[in-house]
Amino acid sequence: MNLIESIIERAKADKQRIVLPEGTERRTLKAADQLIRDGVAEIILLGNPQEIDQLAKEMDLENLERATIINPKNHDKKEAYTDLLMELRKKKGMTPEEAASLVEDPLYLACLMIKSGDADGEIAGAQNTTGDVLRPALQIIKTSPGVKVVSGAFIMFTQTPQYGENGTLIFADCAVMPNPNAQELASIALASAQTARSLVGVEPKVAMLSFSTKGSAEHEMIDKVREATRIAKEINPSLQIDGELQADAALVPSVGARKAPGSTIAGKANVLVFPTLESGNIAYKLVQRLGNAEAVGPVLQGMAAPVNDLSRGCSVDDIYKMVAIAANQSIGMKQNK
Ligand code: ACO
């Protein structure tokens, strides 16, 4: 059984309630139908019930009868969620009128449902931008206790079994923090190690990437990576982490041995932490397109409950997998509580 298959099986064994705010989007509906058919999750669709019903008939999606459908404009808990949103955001200057309007936005409603314990996780982004999916989650669900920043990791299934864990690697941050400082980068490294352990089931070997290996160049951008490595080690002394390393030194044993002799990570890394969002986002897309790797994610790490973003170019299969991943994250979080 491969990793994705085992993630799906784990989700089936302990069904979580996953809310899909883009409930009238065709790929989302098709994925929802298959997820219900296969028993992967309990699906909550947000959207106009008549429209969803019409689409289900048109697309011949019989299993959607078993989804919970909530109309964001008109449902029993609207007032309770409006009060919760006001409570959470009044210090930020939110007015009752703004709260009453935002609560009808499916992306806000999904987060309020999770915050209230009425859903376990959310997947969106087939129609909305990353920023629009993340903003309500950052405002309402917020980070897990002790975590400073939310970041986005990709599980990269590459065609090169000699690297990472039989070709599988974690790349982060590829989705959220444009320019993390050293403290934030350390937090991204710790969260990525946790993702490697809990979702991929491997012992993390974290490489803090830069354009320098162990002092081969000097620049303030390199200083940031060195400082982040030091902070991450200080917070978790048992974590296997090293930096700064160039990507080839992190991955290729012969290069690692030459450029970073004595490093326990060089040549063996399975978690690559990028110094900025630019580098992480560009790297994962290049490896995906030029290297023909499968990129699963972004898996958001550090959020108090699972909210995962999709690419607007996503397929039905991508949505299906991301729901299973969110369900696994939720199961893991409940076990850790
Ligand atoms: N971790 C935790 N909290 C955060 C983070 C973070 N990384 N970023 C912002 N926040 C919090 C802020 O503290 C703030 O909380 P508050 O309102 O309670 O004080 C709230 O979120 C909003 O913060 P802003 O800075 O006003 O948020 P902004 O509107 O700038 O949006 C966002 C944040 C959406 C994450 C932004 O940084 C962004 O757009 N990032 C890039 C996303 C992107 O485009 N990624 C690339 C595409 S994804 C892909 O290709 C797979």
Of all residues making up the range 1-49, the number that are within 18 Å of the chain's Cα centre (by Cα) and closer than 19 Å to Leu112 by Cβ: 7
When the range 79-94 is checked residue by residue, the ones that are open to solvent by 40 Å² or more (accessible area, probe 1.4 Å) and either near the ligand (Cβ under 10 Å from one of its atoms) or more than 17 Å from Ser116 (Cα to Cα) (or both) are Leu88, Lys90, Lys91, Lys92, Gly93
Taking the conditions exactly as written (within 11 Å of the ligand (Cβ to nearest atom), polar (S, T, N, Q) and at pLDDT below 95), does Ser198 satisfy them or not? no
Could you go through the range 46-65 and let me know if any residue there is surrounded by 18 or more Cβ atoms within 10 Å (Cβ to Cβ), aliphatic (A, V, I, L, M), within 19 Å of Asp309 (Cβ to Cβ) and in contact with a Ser or Thr (Cβ under 7 Å, 6 or more places away or on another chain). no
Do any residues in the range 309-322 that are within 14 Å of the ligand (Cβ to nearest atom) have Cβ atoms under 6 Å from those of residues that are among the small types (Gly, Ala, Ser) and in a loop (DSSP other than H, G, I, E, B), where the two are at least six apart or on different chains, and which pairs are they? Asp309/Gly125; Leu310/Gly125; Leu310/Ala126; Cys314/Ala126
May I ask you to list the residues in the range 181-199 that are touching a residue at least 60 places away in the same chain (Cβ under 8 Å) and buried (at least 17 other Cβ atoms within 10 Å of the Cβ)? Leu185, Ser187, Ile188, Ala189, Ala191, Ser192, Ala193, Gln194, Thr195, Ala196, Leu199
Scanning the range 148-193 for residues that are within 10 Å of the ligand (Cβ to nearest atom) and assigned to a strand (DSSP E or B) gives Ser151, Gly152, Phe154
Which condition number does Ile222 fail, the rest of (1) open to solvent by less than 10 Å² (accessible area, probe 1.4 Å); (2) of a type in the set (A, V, I, L, M); (3) touching a residue at least 24 places away in the same chain (Cβ under 8 Å) being met? (3)
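The values are calculated or read from the model by the stated rules, or taken from the named source; none is laboratory data. Bear in mind that the values here come from a model prediction, so they are computed numbers and not experimental data. Cβ: placed from backbone, ideal geometry, glycine included. Neighbour counts: every protein chain shown. Remember, those area values only see protein heavy atoms, side chains included, never the ligands or the DNA or RNA. Shrake-Rupley method; radii C 1.70, N 1.55, O 1.52, S 1.80 Å.
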